[in-house]
Each structure stands twice: as structure tokens, then as C-alpha cells.
2 protein chains.
Amino acid sequence: MATPSQRQTIRIIDVIRKKRDGGELSPAEIEAVISGYTRGDFPDYQMSAWLMAALIRGMSKAELATLTEAMLHSGQVLDFSELAGPKVDKHSTGGVGDKTSLVLAPLVASGGVYVPMISGRGLGHTGGTLDKLEAIPGFNVNFTLAEFRRTLARVGCAMIGQTAEIAPADKEIYALRDVTGTVESPFLICASIMSKKLAEGVDALVLDVKTGSGAFMKKMEDSEFLASLMVETGKRMGKKMVALITDMDQPLGNYVGNALEIVECLDILEGRGAADLRELCIEEAAWMFCVAGRSGTVQEGRQLSEKLIAQGSAMQKFREMVRAQGGDERVVDDRARLPQAKSTVAVPAVQGGLVAAIDCERLGVASLVLGGGREKKEDVIDPAVGLVVHKKVGDGVAAGEALCTVYYNSGARLEEAQAAITQAYTIAPEPPRERRPLLHKVIQ
Amino acid sequence: MATPSQRQTIRIIDVIRKKRDGGELSPAEIEAVISGYTRGDFPDYQMSAWLMAALIRGMSKAELATLTEAMLHSGQVLDFSELAGPKVDKHSTGGVGDKTSLVLAPLVASGGVYVPMISGRGLGHTGGTLDKLEAIPGFNVNFTLAEFRRTLARVGCAMIGQTAEIAPADKEIYALRDVTGTVESPFLICASIMSKKLAEGVDALVLDVKTGSGAFMKKMEDSEFLASLMVETGKRMGKKMVALITDMDQPLGNYVGNALEIVECLDILEGRGAADLRELCIEEAAWMFCVAGRSGTVQEGRQLSEKLIAQGSAMQKFREMVRAQGGDERVVDDRARLPQAKSTVAVPAVQGGLVAAIDCERLGVASLVLGGGREKKEDVIDPAVGLVVHKKVGDGVAAGEALCTVYYNSGARLEEAQAAITQAYTIAPEPPRERRPLLHKVIQ
């Protein structure tokens with residue numbers, strides 16, 4: 001029987017004040033916030049006050065678990081149990097040149113693991129998987145859930161955007177956070193990511209939490225904290241979880257920009273390409289095979305991944321997926337079918353020496369201002385623009401030698417992009433003090 | 001010449017994030033927040049996020065000064081320099097049974113000091129000066145500024161509500177704070193009060209900051225902090241300032257409710273009435289005479305106040321003000337002309353002993369639920385209802401003896417009011433541990 005206090009209506013104003021004063025909210029209070037906001041019972045200005053209080057005061061593990069579940073259950077939770085075999089996804093917190101998802105989905109699917117992937121768009125200085133996929137002529141990321149299910153069953157992988165049915169509470173809350181200074185909370189980030197990823201009907205999830213100058217979390221301790229929150233939240237919901245904390249102190253691979261990154265993915269799937277990108281793809285695929293139970297050890301998973309690339313199975317799966325999602329698979333053999341920028345220009349080093357550091361966010365901004373990203377949600381992406389990075393940390397460079405080549409269509413903000421690139425590089429007589437590893441830490 | 005950074009537009013999102021992270025905002029940033037919000041350039045949901053960040057992170061003295069000035073200059077600042085003689089006001093942070101303003105305005109005006117008073121309405125458990133004035137049939141608190149000025153010049157005092165011309169930024173921000181859990185910040189309270197009071201064209205201001213169970217600030221340290229913020233802010237703007245921290249751990253006087261409080265004011269103006277209320281009125285009038293330069297010492301001010309009441313000058317001024325503002329001055333001689341409740345009932349003590357404590361907020365809530373106050377802004381006040389308090393802290397009481405008498409029109413929430421009164425009283429065998437003074441502290 002409900003006690004009188006349980007029967008009382010929960011007033012949003014009381015919940016705001018409780019969180020404001022550092023109190024721990026009950027499950028009923030958190031559910032009231034999420035369901036009330038999603039139903040439109042209380043307005044944006046109350047939600048934003050609550051979000052700010054939650055950001056500053058933080059949350060307990062119990063609060064975070066309830067928040068994530070309430071957001072997850074605001075929409076449909078997919079169930080792919082009719083598909084025999086493990087279902088695994090991976091999620092990256094985003095960075096510059098991070099195109100691993102586009103390699104991983106076909107690579108892991110070619111190893112017999114279903115990969116149902118619901119991805120996001122780029123915002124700010126980071127790129128987004130959906131924008132990169134759309135650089136392939138015809139590729140449709142706006143599948144219905146029924147089309148998603150059919151493609152997944154037939155191909156083994158499918159890559160789409162968040163539909164209206166998946167965690168609608170997150171969709172609305174994220175839009176509000178974006179304009180109210182309430183994005184940068186590990187608790188709110190965790191609930192946002194996990195409510196979407198737990199709706200995908202996967203058994204296991206590999207998280208790639210970026211750290212460094214090109215990541216949203218620039219400090220290792222913040223990346224670690226977010227990683228541990230997400231791993232715990234996923235485990236509590238019965239998922240196998242692993243988080244890799246990986247380096248984003250310089251771009252991943254050498255290509256930044258939507259069509260350019262497709263080119264680099266094709267290189268990797270052909271067994272070529274930049275060593276760091278290749279290494280990270282192999283590592284993440286290996287962990288996906290492990291949590292799927294497909295490999296007994298990470299080492300076995302790496303070997304399997306190498307083999308699938310060498311045999312051409314991964315590339316074959318990529319072709320199948322592109323075709324199934326309406327894209328022009330001929331880009332694999334003829335890269336000129338991808339959008340091409342009209343002009344290129346090299347950005348030279350002003351002095352010689354060794355690349356001591358790269359402010360990676362600035363390189364992301366350079367691509368952004370050329371039209372490769374969005375400053376506002378409604379901005380339209382130019383898929384052809386971006387940069388090719390010639391010099392990475394530790395590389396020697398002569399004065400006048402090209403640091404990057406800029407690919408552009410409009411000269412409107414070219415100077416701004418060039419200046420951002422020049423400013424991003426620190427060139428010194430000595431090599432960098434520390435050599436950062438690609439994989440910093442594994443959290444399970 | 002403006003530097004490039006000064007020429008840049010201030011983005012509200014950056015100001016929200018800066019305050020969120022505990023940064024100190026520049027004057028330009030604070031002005032951008034207030035002017036942008038007042039112009040409607042940015043929406044409520046961004047303002048509420050900023051308010052929550054400001055509440056939790058606090059403000060520096062410089063930030064508070066800029067905020068107050070920006071809110072003050074969002075509207076008209078009155079200038080009564082054409083009136084020869086000092087202009088002084090007083091402001092109370094509000095409590096239960098606090099009707100001193102209604103005595104002070106005519107009392108101090110009868111001593112040759114102009115009192116231009118812009119007051120507020122009751123909200124929550126506290127009463128409001130405007131609601132009390134409106135219990136006098138015909139009394140018009142909705143004067144234009146021109147009518148306010150004319151009445152002040154002719155009578156020497158005038159009491160009105162906040163017009164659209166006075167600190168409109170405060171009016172909008174206050175409404176938003178009320179529904180977003182951002183009321184209880186000493187900085188935001190200070191800016192709200194002072195932006196209105198500094199617009200009144202006064203030379204000096206006496207603040208009555210309440211402390212105790214019936215006040216918004218229940219702890220002495222909070223009341224002291226708010227008092228010192230307001231005194232500093234007023235001084236910085238060139239005003240003579242004094243704050244009295246006074247007791248609100250039990251109702252002030254014996255009458256709570258709008259018409260009932262008018263009755264008690266008439267008692268005081270006739271030289272009778274409750275000792276505590278009388279003492280506080282004399283004390284505050286004395287300080288108003290001091291800051292006005294009308295008395296050399298507070299002791300002289302007290303003697304002047306006593307004399308003005310004894311001579312009948314204060315009551316005469318009250319009649320003039322009521323008449324000038326359209327009210328029925330005959331209530332002075334015939335209190336039956338005030339709204340009368342249909343029924344009364346005594347609330348008896350359940351046990352005998354001594355009144356050890358009164359949870360004063362609960363008595364305010366008792367009057368509120370009878371219809372004497374507002375739970376929501378749109379609630380309509382019943383001026384006739386309220387309570388007469390028979391037992392105060394330290395009084396002896398027999399079991400079954402009346403603690404209060406309830407004046408009511410509708411029985412709908414009578415039981416709730418009776419229960420609140422019973423629960424408000426702590427009756428014990430011993431007298432209270434400490435005897436709280438009426439005046440705790442003077443901050444200048």
C-alpha cells in the first residue's frame with residue numbers, strides 16, 4: 001500500500017531545489033523529471049535549471065542508473081533475440097579523424113558478429129559517423145527500425161541515425177543541453193550515450209573513450225571517470241562492457257573531413273593506411289570479438305581481425321552494407337566517385353624542427369570552418385572538404401615543408417582554417433617530452 | 001579604441017558556462033545577460049540555467065554591483081530632488097505578522113521625512129504590504145508614477161506596487177526564479193530588492209532583515225550575510241544604509257491576516273497594541289529619522305516617534321494617505337468597515353505548560369490555507385481571514401486554553417489550518433532555553 005507521501009504528486013520545483021542543494025533524488029523523483037519533460041508537462045526553463053543543478057552537484061550511482069533507465073524506456077528497446085549469434089556495438093566519445101566505426105561495423109560483422117549501430121552527427125570540432133557515411137553517394141542513414149532490422153539480419157551490420165522511437169527523451173534533453181551549457185557533465189553524457197546504446201538490443205558494448213587535446217574530455221582523469229560510469233551503468237543493465245581509453249592528442253590517421261575519411265577507411269579495409277588508425281581498428285575489433293565470445297583472448301581477436309582484412313572479407317561486408325543502405329558501392333574501386341574538393345593548398349611550417357605537440361581541437365576547427373562540420377545544428381555539411389595531415393607528433397619538419405594539405409571549395413574562411421592549422425602545431429628543437437600510447441587504459 | 005575581443009559579441013552560452021565553472025563574469029558579460037533577457041534576445045531556458053549556476057556558484061562583490069545596476073537601469077530611476085527634505089524608505093525581507101511598513105510610512109512622514117514606498121505582495125507563508133493595504137476598502141496601490149509623485153509631494157508618503165517602469169528586468173527575472181528553484185540566493189535576493197529600492201529616488205534606506213522560523217532566512221549567519229550584501233550594495237550607489245537584523249522566530253504582534261493586521265496597525269498608531277510590534281515600529285522609525293538626518297541619535301529618534309504617535313500626528317498622516325489613495329479613511333474610527341470573517345474558532349492547547357517555541361512558518365501557512373495568502377501567483381486573497389495569536393514564546397498555557405483564534409469564511413481547509421497551528425507550538429514544562437531579543441544586530 002502506498003504511504004501518504006508516496007501518493008503525493010511530485011512537484012518539479014521541489015526536485016529542482018533538492019538537487020540544487022546537493023540532495024540525492026529518489027527513483028520516483030528522477031522518473032517524474034524525465035517522463036514529465038517528455039510528456040511536455042513542464043517547460044524547458046525548469047528542465048534547464050534541473051540540468052544545471054545536476055551538472056554542478058553531480059549524481060550518485062543509483063541516481064545515474066535510474067536516469068539512464070528512464071531515458072532508455074522513454075522509447076523502444078530493440079530486441080534482436082531472433083537473430084542467432086552475438087550482437088555487439090562500439091561507441092566512441094568522438095574526436096578528430098576518428099573513423100573507426102566505419103571500419104569496425106563491416107570488419108566485425110564479417111567475423112560472424114551482428115553489429116547494430118545507431119550513430120550520431122558531428123558537432124563542434126568533432127566529426128560524426130552519419131556525416132561520413134553520407135559522403136558516399138546515395139547512402140541512407142535514415143532507415144526505419146524495420147529496415148534497420150532487415151539489413152542487420154541480411155548483412156550482419158547496419159548503420160543508422162537515432163530514430164524518433166529510440167530514447168526520445170535523450171533527443172529532447174540533448175538539444176536543450178546543447179544551448180544551456182549543460183553538455184559537459186559525465187553523468188549526463190553517460191545517461192545520454194547509454195540510453196541510446198542500451199536500446200540497440202546488443203549483448204555487449206565496447207566503448208572508446210577519447211582523451212587529449214582533440215577530445216571533449218581533455219584530461220585523463222575525466223576520461224577515466226566517464227568510462228567507469230558507463231561501464232558500471234552497462235553492467236548493471238546486464239551487458240558485457242569494456243572501455244578503452246585511447247589517445248586523441250593528435251588526429252587519428254591522416255585524413256580529416258567526411259569524404260576524405262571514407263578514403264582512409266577504404267585504405268584500412270584494403271590492409272593499407274595509417275599505422276595508428278589501423279592499430280586502433282584491429283584493437284577495437286579484437287575487443288568486440290572478445291566480448292561477443294567469438295575470440296577467447298584479445299590476441300586471438302587481433303589475429304582474427306587481421307585475417308578478415310587480409311582475406312578481403314571485411315571489404316566485402318563493407319560493399320554489402322553500402323549496397324543494402326542505398327549507397328554507391330563503386331566508390332570502393334573508384335574513389336573519384338566520392339565528392340571531390342575543387343582546390344587544395346599546402347600549409348607550410350614556418351620553422352624547422354620536430355613536431356612537439358598538436359592542438360588537435362584546432363585541426364578539427366580548421367575542417368569545420370571549411371564546411372566539414374557544423375557550428376549550429378542547421379548548418380549544411382560540405383562532404384568534400386577537409387585536410388590531409390602530413391606531420392604528426394615526433395615527425396621532423398623543414399621550414400616551408402607542408403604540415404597539412406587543405407581541401408576546400410569556398411575561399412571564404414580559408415585563411416581562418418590555415419591560421420588554425422599553423423597555430424595547432426608546436427615545432428621545437430627537441431622531440432616531445434612524453435610519447436603518448438595509442439591505448440592508455442582498459443576499464444572492465 | 002575597442003580591442004578585437006571587446007568588439008566580439010558576447011554569447012550567452014559562454015557566459016552560462018563561465019559562471020557554471022565558477023568564473024567571475026565581467027561587467028560587459030553581466031550587462032549582456034540582463035539586457036539580452038529583458039529585450040527577449042534569449043529564452044527563459046537559458047536564463048534559468050544561468051540563474052541556477054549563479055545561485056550555486058555565488059557572486060563576487062563586483063559581479064553583484066554590476067548585476068544590481070543592470071537591473072536598476074532596465075527601467076526608470078525616480079528623482080524626487082524637487083522635494084525639499086530627506087527621502088527615506090525601509091524594506092523588510094518578510095515574515096509572519098510583519099505589518100511595520102503600514103505604521104512606518106505615515107509615522108515617519110508625520111515627522112517631516114518623505115517616504116516613497118514601493119512594496120510587494122505576499123508569497124508563500126509571508127504576508128505582503130500591498131495585500132494588507134487592499135484590505136482597506138477602496139485603497140488603490142496601482143498608482144501611476146505620476147500619481148505616486150503627486151501623493152508623495154502632498155502627503156509626504158505614498159505606498160504603491162512595482163510599476164512596469166520600475167526595474168522591469170527584476171519583475172521578469174523574479175517570476176522565472178519563482179518557478180525554477182532559484183529564489184534562495186542571497187546575491188539574487190540582494191539584486192532584486194536593491195534594484196527596486198534604489199529606483200525609488202531615496203537618500204537612505206533602512207533594511208529589516210528577518211531571522212528565525214518565520215523568515216525566509218532561518219539562520220542568523222544567512223540573514224547577516226544578506227544584510228551585509230545589501231548594505232554594501234546600497235553604499236556603493238551612494239545611499240545611507242543601515243540593516244537591522246530582527247527576530248522572526250514567532251509572529252510579530254498578535255494578528256496575522258490582511259484586515260486583521262490593519263486593525264493591529266491602527267492600535268499601534270493609537271499608542272496601544274502589542275509590545276513587540278510597537279517596540280519594533282519605534283526602533284525602525286528611529287533609524288529612519290537618523291539616516292534622514294532628522295534625529296542626531298537613535299535615542300532621539302525613538303523619542304520623536306513616541307511623541308508623533310502620542311500627539312496623533314502619525315494617525316492623522318495615515319488618514320491623509322488612505323484618503324489620497326482612494327481608501328475609506330472611516331475604518332480608523334469604525335473598524336467594522338474592514339472585511340469581517342463569518343466565523344471564528346479557538347485552537348486549544350492539547351497540554352499545559354510553557355510555550356517553548358513556535359514554528360512561525362506554520363502559523364503563516366495556517367493563514368495562507370484559509371485564503372489569507374497565495375500558493376500560486378494567480379490565487380485570490382480573502383482579506384478577512386487569519387488568526388489572532390494569544391500565546392507567544394514564554395507564555396504559560398493550561399490544557400484546553402486557546403493558543404490562537406482562527407478567523408475564516410470557508411471550512412474547506414479549516415482542519416489543515418488548525419493542525420498547522422497545533423503543530424507549530426512546542427509546549428514544555430520548562431521555559432525556552434534562550435530568550436531571543438527583538439533586535440539581534442545592527443549592520444551599517
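Quick rundown of the values:
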read-out	value
Alpha carbon centroid spacing (whole Å) that separates the stretch A:94-119 from the stretch B:173-243	58
Of all DSSP beta bridges in chain A, antiparallel share, percent nearest 5	55
Relative contact order [Cα under 8 Å, 6+ residues apart], chain B, whole percent	19
Cross-link table A:Lys196/A:Lys376; B:Lys19/B:Lys377; A:Lys87/A:Lys196; B:Lys90/B:Lys219; B:Lys197/B:Lys235, entries beyond 24 Å C-alpha to C-alpha	B:Lys19/B:Lys377
Rounded Å value of the spacing that divides the Cα centres of the stretch A:280-310 and the stretch B:353-394	72
Alpha-carbon centroid distance for the pair the stretch A:331-345 / the stretch B:34-67, whole angstrom	49
Long-range HN-HN contacts of A:Lys90 with modeled amide H, under 5 Å	A:Val206
Local electrostatic count, A:Ser101, Cβ distance below 11 Å [Lys/Arg +1, Asp/Glu -1]	-2
Anisotropy class of the stretch B:4-58 from Cα gyration tensor, a/c 1.5 cut	oblate
Cβ neighbours within 10 Å from other chains - mean over A:52-64	3
Loop trypsin sites (Lys or Arg not before Pro), the stretch A:192-241 (other Cβ atoms within 10 Å of the site Cβ: 11 or fewer; DSSP)	A:Lys219
Shortest-first nm distances, A:Pro27 label point to equivalent points in other copies (7 Å, Cα→Cβ)	5.5
Cα shape, chain B, gyration tensor, a/c 1.5 rule	prolate
Chain B - charge dipole about Cα centre, Lys and Arg +1 at Cβ, Asp and Glu -1, debye rounded to 20	560
Label point 7 Å beyond Cα along the C-beta direction, distances from B:Glu165 to other copies (nm, shortest first)	6.2
Cα gyration tensor category, rounded, prolate or oblate, for the protein assembly as shown with a/c compared to 1.5	prolate
Antiparallel content of DSSP bridges confined to the protein assembly as shown, in %, to 5	55
Gain on full stretching of the segment that runs from B:Ala175 to B:Lys218 - 0.36 nm per residue minus C-alpha separation	13.2 nm
10 Å Cβ neighbours from other chains, averaged over peptide B:40-50	6
Estimated distance in nm for a label pair at B:Gln311 and A:Val298, the labels positioned 7 Å out from Cα along Cα-to-Cβ	9.2
Teacher prompt: B:Ala346 distances to equivalent labels in other copies, 7 Å Cα→Cβ, nm	10.3
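Here, each number is a calculation from the coordinates, and none is a lab measurement. None of these values were measured; they are calculated from a predicted model. Quick reminder, even Gly has a Cβ in these numbers, built from the backbone with ideal geometry, and neighbours come from all protein chains shown.
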